[in-house]
Amino acid sequence: MYTTPSHSTNSSHPVVSKAGEFRPKINVPFVVKDLFKPGEVAMIAGAPGLGKSTITAAIGAHAAQGRDFGGLPVQNAVVVYYAAEDAYGVLCRAYPYMRDPACANAPFYVVHGAPNLMDPETPEKVARFVAAKKAEHGCEKALVVFDTLNRCIGDADENSSSAMGMAIGNATYIAQSTNAAVLIVHHVGKGNPDSPRGSSAFHGNLDCLCLLNKAPASGSSKVVLLNAVKQKNATELPPLPFKLDALTIGTDDEGCVVTVPMAVPMEPKLFARLPGAANDNLKPRPKTEERRADIERVLREHGKANPGLFCPPTQIALMSGSAFNEVRETDSLRVAVRRALEALEKVGVAEKGPEGYRIASSGSTASETIAT
């Protein structure tokens, strides 16, 4: 069977593939389908005040929980958000989606400050940190955010094609060495909302480029559109609308209402979606093993935070990830979670008690139990 080789820029020997033995992948890995993929570098560019960080934080929260948005499938990923400008603001923007106690263990990490992408030591340092978090959460993919670019390049000139080529190259190393989708937040040029500010090398070197623009005729609501103007090996997407809103979190000592910014993904109903390629012979993949693995992950995360305590099935369902997205809004979610729990209990990975389930004390995984 043909396996797509990994491409290494450090190898002195080129990777050679025989075209006649190649078969395109049907199930291409993704964090956000057709938008952000492991091993690739993407950019969101927009004018000040359009909600770049608000939207990026919302996307990160959905990825950390494996929640679909805007009609796009999402797969679970560890999120490492380098907040170079305003870490507190990023945490506030993620809060609307992370405030539920069930999200306490979701792998969304905000790093206060950001490394210099021009420093040759940065790629390895970031890669080690991301790899450690992936191992900690048993997650295969990651989403790494650098917000914003000009705060992550030291004294380098963003108009220099060689300097920006180096920055994107280092970001690519991080993406490929950690199986991460790297997302860079940047500004557009002054008076030119159709291009990232600075070097023209951005468009050529990026795998995905998204521009943020105001939506026409959005009424009193502030709606912005995320337009993917460049996508590498992906289906063309319609503009993705986000409503910029505010979530009330309480009242301060002076009686003033306190809010945090919130980006609400909207269904792109006003835009035509391109039909997918016909593939009538492909049967849907069974979700059984994927769902068992996801519930095992939930139980292990709960066990780390609450050693020895049982977790009710309803709470487990709230913490479930992308494997359950297609049944999340139906009564079938309860049934699917129950089946996964019963299967894990049967092989000794989960333990049932009067208050729910917990990870079994044996510490073995479902795959190890089945293998033996």
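Below, the figures for the structure above:
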quantity	calculated
Residues of the range 167-221 satisfying the condition of being at pLDDT below 95, within 29 Å of Ala131 (Cα to Cα) and touching a strand residue (DSSP E or B) at 6+ places or on another chain (Cβ under 7 Å)	Phe202, His203
Among the candidates Ala61, Ala45, residue that is closer than 19 Å to Ala142 by Cβ and either assigned to a strand (DSSP E or B) or hydrophobic (A, V, I, L, M, F, W, C) (or both)	Ala61
Number of the exception - Thr369 against (1) modelled with pLDDT under 90; (2) farther than 18 Å from Glu290 by Cβ; (3) in a helix (DSSP H, G or I); (4) not hydrophobic (A, V, I, L, M, F, W, C)	(2)
Arg300 being at pLDDT 75 or above, part of a helix (DSSP H, G or I), in contact with a helix residue (DSSP H, G or I) (Cβ under 8 Å, 6 or more places away or on another chain) and among the basic types (Lys, Arg)	no
Members of the range 44-81 that are farther than 14 Å from Val31 by Cβ and free of Cβ contacts under 8 Å to residues at least 60 places away in the same chain	Gly49
Some residue of the range 269-290 being modelled with pLDDT of 90 or more and touching a Phe, Trp or Tyr at 6+ places or on another chain (Cβ under 7 Å)	no
Odd one out for Ser199 among (1) closer than 17 Å to Ala83 by Cα; (2) surrounded by 18 or more Cβ atoms within 10 Å (Cβ to Cβ); (3) more than 17 Å from the chain's Cα centre (by Cα)	(1)
Among (1) closer than 19 Å to Leu247 by Cβ; (2) under 10 Å from the mean Cα position of the chain (by Cα) - the single one Val80 does not satisfy	(1)
Every residue from the range 8-66 that is in contact with a helix residue (DSSP H, G or I) (Cβ under 8 Å, 6 or more places away or on another chain) and of a type in the set (D, E, K, R)	Glu40
Residues that are in contact (Cβ under 8 Å) with a residue 40 or more places away in the chain, assigned to a helix (DSSP H, G or I) and within 19 Å of Arg99 (Cα to Cα), drawn from the range 305-321	Ala305, Gln315, Ile316, Leu318, Met319
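The values are calculated or read from the model by the stated rules, or taken from the named source; none is laboratory data. Computed from a predicted model, the values in this text were never measured in an experiment. As a convention, Cβ positions derive from the backbone with ideal geometry for all residues, glycine included, and neighbour counts pool all protein chains shown.
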